[in-house]
Amino acid sequence: RKADIECRLVVLGAGPGGYTAAFRSADLGMDTVLIERYASLGGVCLNVGCIPSKALLHAAEIIDHAAHASELGIDYGAPKISLDKLREYKEKVVGQLTKGLAGMAKQRKIRTVQGVAKFVSANELEITADDGKTQLLRFEQCVIAAGSQAVKLPNFPWDDKRVMDSTDALELAEVPGSLLVVGGGIIGLEMATVYSALGAKVTVVEFMDQLMPGADKDLVKPLADRLKKQGIEVHLKTKASGVSADKKGITVTFEAATEGEKPAMESGTFDRVLVAVGRSANGKKIDADKAGVEVTDRGFIPVDRQMRTNVPHIFAIGDIVGNPMLAHKATHEGKLAAEVAFGEKKEWVARVIPSVAYTNPEIAWVGVTETEAKAKGLKVGVAKFPWAASGRAIGIGRTEGFTKLIFDEETHRVIGGAIVGVHAGELLAEIGLAIEMGAEAEDIGHTIHAHPTLSESVAMASEIYDGTITDLY
Ligand code: FAD
């Protein structure tokens, strides 16, 4: 069969990984095609992930600020919320970015093709458009960037619109009187923050013994305390087992994570339920076997340090290659894959990938965590600077935070860091840079940080570690 489209490099999927790979490929002069099933570029992150969730969290932050303003003698009264306007705001933010991407693709003369792509051989993809028409594309090289999707627990009635995944929750159809969030990870807690601020009574159940598994336990405590104050109910070591739906709502029964124990809550009826228990990779949906590309049982595609799959001219990047499933990991990999495909002798060199939960307070961590250091038996020194001793944190009434640095005891180099507190996600960047540059505690301590800033806490933690500060002032 004659190919309808031929190209040097094709990118399958236009999320952060895919569009970055396509842009870099075109910038390097390669004839590039970008395939995306949806009309809008940007993938999960721009359309139904990072960006809309942060737009809604911005609204939650404003509501929270206004609520606490009375402590300063400023009273805004109870918020009057127009969901239509808020939805419009979120859509405007998303639209601005996705239209921007479409413009950038056009500028680079990238051919974008809308449709669902599947491999038919190691050099061909078949693309099926919405109207059922198919096109055959022949490529020299391919970057698979087909991403991931929300795990849908099988026992939930998914045809009932009151049962939501994160995409549904971001649509903001209504503010339910009560909302159950199944899963206390980053996505579940971000959405819990939004819905609680908008006025829903939120309950979170988490299977593990702490919220946000992956982050050190001490980081989670200030967040858990604030969620409680805000009226969000949290039940740990709890599993949603049975579900039934009727006019009154969605009734969920719970079991303790440990067999034989009683759950903290036996059952509850909720107006809506959000299931946020993780995401699964899309590796099994693209007929990768027809190209000879290996896919694991869980739908991930194994790659080497150059992002190559087992088939040397086919690369894979982003959520589909494994954890952490984060946009900035996907973009970094996308750029690398395009450069290697072009012939550059590069490989993955980044030491660390930051994680941020945009909750209130934010939790951010990068590099080795204290839990990991203990589990691996690493010789580390840990220094913590409590924000209760920060003039800036006191001034803004947010002293619950702290900054923690983890140092290699032999080299005194920083190998990990974590922050809980407002703007933690922004503050974390300095620690990531310090780790990449092999900075020692003294290097950070000797760097003059502006006063009064929250970023000073990074320098203070370093000085606590190297003994320059023995008492907090
Ligand atoms: P995706 O963004 O999943 O894109 C894959 C694209 O491929 C999709 O557009 C899909 O339609 C397309 N596609 C798939 N199969 C085919 C096919 N066969 N044919 C054609 N097209 C196909 N990450 C962060 O770093 N920060 C955050 O704050 C953050 N917040 C999030 C909030 C939510 C609610 C969610 C769900 C995720 C969030 N993430 C966040 C994760 C982030 O969205 C992902 O890590 C990122 O989008 C992965 O990018 P990707 O390029 O691998 O794939």
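The values are calculated or read from the model by the stated rules, or taken from the named source; none is laboratory data. Predicted model only: the values in this text are computed from it and were never measured. Neighbour counts run over all protein chains shown; Cβ positions are idealised from the backbone, glycine included.
Tabulated results
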{"read-out": "Hits in the stretch 150-168 (condition: more than 8 Å from the ligand (Cβ to nearest atom) and under 30 Å from GLY334 (Cα atoms))", "value": "VAL151, LYS152, ASP165, ASP168"}
{"read-out": "Residue among ALA429, ALA424 that alone is touching a residue at least 12 places away in the same chain (Cβ under 8 Å), of a type in the set (Gly, Ala, Ser), within 29 Å of TRP348 (Cβ to Cβ) and surrounded by fewer than 16 Cβ atoms within 10 Å (Cβ to Cβ)", "value": "ALA429"}
{"read-out": "Any hit, the stretch 133-149, residues being touching a Lys or Arg at 6+ places or on another chain (Cβ under 7 Å), without any contact (Cβ under 8 Å) to a residue 12 or more places away in the chain and either hydroxyl-bearing (Ser, Thr, Tyr) or within 13 Å of the ligand (Cβ to nearest atom) (or both)", "value": "no"}
{"read-out": "Residues (surrounded by 16 or more Cβ atoms within 10 Å (Cβ to Cβ) and either free of Cβ contacts under 8 Å to residues at least 40 places away in the same chain or part of a helix (DSSP H, G or I) (or both)) located in the stretch 300-309", "value": "PHE300, VAL303, ARG308"}
{"read-out": "Qualifying positions in the stretch 260-287 - within 11 Å of the ligand (Cβ to nearest atom), part of a loop (DSSP other than H, G, I, E, B) and touching a Lys or Arg at 6+ places or on another chain (Cβ under 8 Å)", "value": "ILE286, ASP287"}
{"read-out": "The listed residue being modelled with pLDDT of 95 or more and away from the ligand (no atom under 16 Å from the Cβ), out of ASP319, ASP297", "value": "ASP297"}
{"read-out": "Residue count, the stretch 179-210 (criterion: over 14 Å from the mean Cα position of the chain (by Cα) and either within 16 Å of the ligand (Cβ to nearest atom) or within 22 Å of ALA59 (Cβ to Cβ) (or both))", "value": "18"}
{"read-out": "Scan of the stretch 1-44 for residues that are β-branched (Val, Ile, Thr), near the ligand (Cβ under 10 Å from one of its atoms) and closer than 14 Å to ALA105 by Cα, ordered by number", "value": "VAL11, THR20, ILE35"}
{"read-out": "In the stretch 432-473, the residues that are under 21 Å from ARG398 (Cα atoms), touching a helix residue (DSSP H, G or I) at 6+ places or on another chain (Cβ under 7 Å) and part of a helix (DSSP H, G or I)", "value": "SER457, VAL458, ALA459"}
